[in-house]
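Colleague: Here you go, one structure.
The values are calculated or read from the model by the stated rules, or taken from the named source; none is laboratory data. None of the values given here were measured: they were computed from a predicted structure. Neighbour counts are summed over all protein chains in view; Cβ atoms, including those assigned to glycine, are modelled from backbone coordinates with ideal geometry.
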C-alpha cells in the first residue's frame, strides 16, 4: 500500500489476519459487503445462502453466528435474522402466501401480528380464519383446499394463553400444512416448538434473547433446509435484514438467557400470586395459576410459565391509568424481556390497531394491564405494585 497516495491509503486500510489463535467472543463485522479475488466465487455467493459472504443484505459473519446459535438452541436446521420481530414475521408470511391463499391463526395474538393479518386480507385478498389455540379439531374443520399456513404463539400476547402445540402442529402436519410458532414469550429455555411438530419458529430478538432493552431484531428458524432456502431467496429481495451490531449485542445477551429466564419466571410467579389475592384486581392472566384456562396444558408443556402476564383492574381504564401513573420502579414503556420491569395498557398500545370486537375476542379489557417482569428483587417490585394499587 505504500505506493499509493494518502487519500487512497485512508480508504484501503490493512486487515491483519488472525492466525495461531481465535477471539473468545464473536467479532463485530461492521461492514456492508465483502471483496473477492475471483469473480466466479462472487457470482456463486450471490445465488445461495451457504456461499461466501458477499453483501450485508444477504448475511454477515456476525449475523450468521446469531442465526446458527438460535437455530441450535431451537433444534432447527437454519435461521434467517431480520431487522425486527415483525420483519421476521412478514418475511415468513409474505414469502409463503400469495393472493387467494388461506391462513389459519389462533384467536389471541400479538397486536402487530393481528394488524398484519388484517392487511393481508384487505390488501392481498388472503383469507384468515381464527380458531382457539388449543382445539385441533377446530383447526381441521377450518382447513380449505387453499390453506397454506397455520400461525400460533407458544404463549400468547398479552393474555398468556398456551397453545396446544402437539395437537395443533400435529394436525397441521397431518394435513400437509406448514405451521409457524412465535416462541418469543417462551424462548427455547421453556419450549422448543420443533419438538412438537412446528415447521418455522419466530422470535422477536428484541425481547428475551437480547435481554437488555438495547436491540431491535427478529429471527425465523426453520426445521428443514428446503423451506429455509425457499424463504431465504425471498428474504434477500424483501430486505428486512439484520444489522450486524444488533446481532452482536444479541449474541452477548444470549449468553445469559438461561439465567435471566429463571429469574423472570420466579419473579412473575411471586407477583402474579400476590396480585391474584389483591382486592383491586379482578383477574390475573398467568398460566402458572390454577385459575388460568391454560394451567393444565402449560404444566405439561412448559418447565416455567414465563415472565409476562396481564391482570384486570376493578374500575376499568380509569383504574389502569391511575395504576400506571403511580408506579415508581416499574417503567411505563413498550416491549418486554429486558432486565427491568415494564408495564403498558394493551388496548391503547400494543393492540391499539384492533377493533373493539377484536379486543373482546382476545380477552383484552379496558382495565387490562400487561406487566413484563424484570429481574429486580421481587419484594421491591411488590412494594412498588402494591403502593400503586392503593
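Colleague: Of all the residues that make up the stretch 20-58, how many are surrounded by 14 or more Cβ atoms within 10 Å (Cβ to Cβ) and not in a loop (DSSP other than H, G, I, E, B)?
Modeller: Total satisfying the criteria: 4.
Colleague: Those residues that are surrounded by 14 or more Cβ atoms within 10 Å (Cβ to Cβ) and closer than 22 Å to residue 315 by Cβ, I need them from the stretch 355-380; list them, please.
Modeller: Within the stretch 355-380, 359, 362, 363, 364, 365, 366, 367, 368, 369, 370, 371 meet the criteria.
Colleague: If I filter the stretch 182-190 for residues that are in contact (Cβ under 8 Å) with a residue 12 or more places away in the chain, out of contact with any helix residue (DSSP H, G or I) (no Cβ under 9 Å at 6 or more places or on another chain), farther than 14 Å from residue 80 by Cβ and buried (at least 18 other Cβ atoms within 10 Å of the Cβ), do I get at least one hit?
Modeller: Yes, the stretch 182-190 contains at least one residue that is in contact (Cβ under 8 Å) with a residue 12 or more places away in the chain, out of contact with any helix residue (DSSP H, G or I) (no Cβ under 9 Å at 6 or more places or on another chain), farther than 14 Å from residue 80 by Cβ and buried (at least 18 other Cβ atoms within 10 Å of the Cβ).
Colleague: Shifting gears a bit: Determine, yes or no, whether residue 81 is within 13 Å of residue 205 (Cβ to Cβ) and assigned by TED's automatic domain parsing to the domain that holds residue 184.
Modeller: Yes, satisfied.
Residue-wise test of (1) within 23 Å of residue 151 (Cα to Cα); (2) surrounded by fewer than 20 Cβ atoms within 10 Å (Cβ to Cβ); (3) free of Cβ contacts under 8 Å to residues at least 12 places away in the same chain; (4) assigned by TED's automatic domain parsing to the domain that holds residue 80.
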residue	(1), (2), (3), (4)
215	no, no, no, yes
218	yes, no, no, yes
221	yes, no, no, yes
224	yes, yes, no, yes
227	yes, yes, no, yes
232	yes, no, no, yes
241	yes, no, no, yes
245	no, yes, no, yes
248	no, no, no, yes
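Colleague: Name every residue in the stretch 197-228 that is out of contact with any strand residue (DSSP E or B) (no Cβ under 8 Å at 6 or more places or on another chain) and under 22 Å from residue 103 (Cα atoms), in order of residue number.
Modeller: 224, 226, listed by residue number.
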